[in-house]
Every structure is written in C-alpha cells, then in structure tokens.
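What follows draws every value from the coordinates through simple rules; no lab data is involved. Note that the structure is predicted; figures quoted are calculated from it, not measured. Every residue, glycine as well, gets a Cβ built from its backbone with ideal geometry; the counts of neighbours run over all protein chains shown.
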C-alpha cells in the first residue's frame, strides 16, 4: 500500500470508527511500527499487570509475537481492527511516530514514550535534512496529538523542546524500559544463560552497533576471537560474544560466522535483558551505550568510521565528551581492554549522569501507570 493510499485508509475509513463510543478502559499500544512486545511500552504494560489494573490491552503488530502475554490482544496493523481499536481507545501508548493519516479524537489520551533517553545522534528536527518529507509530515502530525512526552533527563527534555515539533507537556519520569536496570539481576541473567545454553562461569560480551545510512558493512569488522582472547587475559573466565545488529542492518547478521564462542544476539527479544546480563557492551553510536551506563556495565565504543559517520549524522556530544573509551580499530579496542579500569568507569558514569540530569531510578513505569490511572479515572 502506497503512503497516499495508507493516508486515505487511516483518514477516511478511520472516520467511520470514530462514530463508535470510546471504551474508557481500553489501551492501544505500539512499538516501532508493529515490531512487537518490547521497549518502554512493554514495561508499562507489565506494570499494569503488576498492579492488577482492570484495563483491556491491545497491541498493534506486523505479525504474531509469541513473546506477547496471553492477556494482551494482538491486532495486525493495516486492518479494520487496528482502526477500530485506535478510534475507540481511551489511551494510546507508542514509542515511534504514528502515520499522518491517524487522527486522535476528543477524549483520547496519547503517551509518547519515545525509543531512547539520552541520545548521541541528532533526532527529528535537529536532523531534518536526513528525513523524508513523508516522515516529517507524520512527525508533525504525531506531535500535535501527543498529550505527554516522556523524558529521562533535563538534557533530553531540552532536546525535545527544540527538535520534536512539540509544544506540550514533557514529564521527566525516566524511561520505563530502563527500570530493569534497577531490579534484581539474578533471574534475568539465568534466563539469558538458559536461552543460550551458557555455563555459570561464562562471561558475555554484547556487540550491538547501529546501522549505516548507506547500508555499508565495512565498519562491522570486529575481530571476535582476538577480542575474546584479550578479554580472557584481562578479566579471566571463559568469554563468549553475542552479535546483535540493528534491524536496519539485518542483512549483515546473516553473514556472521557463528560458533560456540560467537552467538546470534538477534534471537533474543529484549536487548535490555541482554545488556543487563552482559559483562561488556561494545557499540558505536547507538543510544544503548547509555543503557549500559545505567546497568553499570562496562561499555566500549568501536568507531572505525567515526569521521564519516559524525559528519553525516550530526551528534549532540563529541566522542571525547562521553564517559566511554572508544577505539577506531581492533588494535585500539584490545588496548582499551588491557588498560580498562572499573573504578574509573564508575566515576565517569556518575559525572556524566550529573551533567545531563538523568532521573532514571527504576520507578518510571509506575509513574506512567499512575498517569494512565488518573486519565482513565476521569471517564465515568
């Protein structure tokens, strides 16, 4: 379906369903345009279940997600059912932009969690030259409908104010998806190890780079086995590496030579559970570096194409301003590992969190559910 056809579909067919009454206890959730159960919306829904709220949850998906809780109804995007539930829900929760053809009606409440907290790469209006006309149209339409936009720091709130085409309420609740980093880790670590069949003494390095706009794979030249050997020498124990590419670089994932030491990190549904279970996170320009910081996990940036990438995308911080060591080739990366200092890491994380005014403390999901309860309570 073309973008114009989809616009007509949402705009005019959706108008029919807007004649139906709003269900005061219905919540419609979406994650990355139908990707499935994950990111901040997942943790908000889990908090709803934890509080035994009597809400009906509908989740919009591209295809059936086996990780979805049985209590959540899955509805395929681009169907009459999607339009019906969007038109009759009291609350929308999303972490990405909604299509420009989707219209919010009076009496509905839209919470935008976004899909990142602190960001390195410039977003939305700050990088509009890299965005399509259709995306900008959808972004501006989406921002007009948002009732509350979530932030996890003073710094990111300011970015939202100037770049998000949004003039509404920003609440510094923290990111619901980051709550996991303030919980007990044992069960999650065991879950990840069981999934991959790992022994209790095996250490995990997680390689999770972002995509390149030109779809080049030249920067994904990490020397896995030499890296693992260096990690063993520095920290002891037996190490494995999980390789998890960005969905937009999925074609590279299929080219990785997997073994008993190099495993497919894309098979696991929740990247934050992987971060929490890892002893080292290696990324490049992905915001997951800040998730690793919240998890108090070692983070190293591998940036062989830093000059080209930074000039093409634009960044809010220089690499030198970040609390993570960075290497531009495999030898530099191994040298960083040889000299890594955990005490220096913890102090760098503390200083950076203070500079940007981070508010994540493990209570974001509860704050969002309290917000939902206040809104749903208004409808009799």
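Between the Cα long axis of helix 186-196 and the first principal axis of the chain there is an angle of about 80°, rounded to the nearest 10.
Protection proxy ranking for 209-220, 322-333, using the average of other Cβ atoms within 10 Å per residue and placing the highest first: 322-333, 209-220.
Going by average Cβ density within 10 Å per residue, which order do the peptides 280-293, 110-123 take, highest to lowest? Don't skip to the end; give the middle numbers.
Numbers: 280-293: 24.6, 110-123: 22.9.
In descending order of packing, they fall as 280-293, 110-123.
Can you give me the angle between helix 342-356 and the longest principal axis of the chain, using Cα atoms only, in degrees from 0 to 90, rounded to the nearest 10? Roughly 30 degrees between the two axes. Given the choices (1) 22.8; (2) 21.9; (3) 20.8, Kirkwood radius over Cα pairs in Å derived from the coordinates of this structure is entry (2). Cα centroid separation, region 243-319 to region 10-79: 28 Å. Each stretch of four or more DSSP H residues adds -39500 (n - 2.57); spread over every residue of the chain, this sum gives -10500 deg cm²/dmol at 222 nm.
Could you rank the peptides 349-357, 34-42 by their average count of other C-beta atoms within 10 Å per residue, with the highest value first? Could you put the intermediate results ahead of the total?
Working: 349-357: 14.9, 34-42: 22.9.
Result, highest mean Cβ count within 10 Å first: 34-42, 349-357.
Counting only alpha carbon atoms, the long axis of helix 133-145 and the longest principal axis of the chain meet at about 60°. Centre-to-centre, using Cα atoms only, region 187-205 and region 139-171 are separated by 38 Å.
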